[in-house]
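Chemist: After the structure tokens below, expect a handful of questions from me.
The values are calculated or read from the model by the stated rules, or taken from the named source; none is laboratory data. No experiment lies behind these values; they were computed from the predicted model shown. Here the Cβ positions follow ideal geometry from the backbone for every residue, glycine too, while neighbour counts run over all protein chains shown.
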């Protein structure tokens, strides 16, 4: 029995009436893919090709859907313990945040993340507390730890939202690049556009994120050397 069949079978034993043609996870998947906070239960049902009753079968209210998604989203995010090399760990954090946001485009719209906040606020703060504790153990002051973690997270989130935005816009960016190549094939800008066109988009975005993280980590290292706990931190650099 598949996961979806198991979900429906469980719901059928708990409630009377004919079960819907979708499962709980199908509903959460559909919501997680949405890029705008302006949604209704009716719109969600239409996207899935079912009646509103099929949504309410699993979730009595819109708030219940949001809470369930928030819990599932946070269960998908985790960070390893920092084990000695704080720079490598921050690099990993940046890529983990990037991939996490890419997997959950629903979070890109601030309205969506605000509605999800009550559901993932507590686990999110636990993750932040663990991260700061690890950085302080590695020699950071609490202020530097908070600044470093916030900076890396913000950079990764920004790159992820840009990648999602380009995906949404579809052919428009490609057309602009192709037009530039056609009109100015011998110019530096045209050659640059050609190099972009010949690269894999995912690899290009990953490279851009890598450069941004390298610059940020270098800046963090510089700040640590001049901080009140610089002697301890410099040994880790």
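Chemist: Can you name every residue in region 40-52 that is part of a helix (DSSP H, G or I) and loosely packed, with under 12 Cβ neighbours inside 10 Å?
Modeler: Result: 42, single match.
Chemist: Right, here's the next one. Tell me the residue from 85, 64, 76 that is more than 15 Å from the chain's Cα centre (by Cα), under 25 Å from residue 207 (Cα atoms), at pLDDT 80 or above and loosely packed, with under 15 Cβ neighbours inside 10 Å, please.
Modeler: 85
Chemist: Of 118, 110, which residue is within 24 Å of residue 29 (Cβ to Cβ), surrounded by fewer than 16 Cβ atoms within 10 Å (Cβ to Cβ) and over 15 Å from the mean Cα position of the chain (by Cα)?
Modeler: 118
Chemist: Another question about this same structure. Please enumerate the residues belonging to region 128-148 that are out of contact with any helix residue (DSSP H, G or I) (no Cβ under 8 Å at 6 or more places or on another chain) and in a helix (DSSP H, G or I).
Modeler: Residues satisfying the conditions are 129, 130, 133, 137, 143.
Chemist: Just checking, how many residues over region 59-85 are assigned to a loop (DSSP other than H, G, I, E, B) and over 16 Å from residue 126 (Cα atoms)?
Modeler: So in region 59-85, the residues assigned to a loop (DSSP other than H, G, I, E, B) come out as 59-61, 76-85.
If we keep only those that are over 16 Å from residue 126 (Cα atoms) too, we end up with 59-61, 83-85.
Residues meeting the conditions: 6.
Chemist: Go through region 130-150 and report how many residues are within 17 Å of residue 92 (Cβ to Cβ), in contact (Cβ under 8 Å) with a residue 24 or more places away in the chain and under 20 Å from the mean Cα position of the chain (by Cα).
Modeler: Result for region 130-150: 4.
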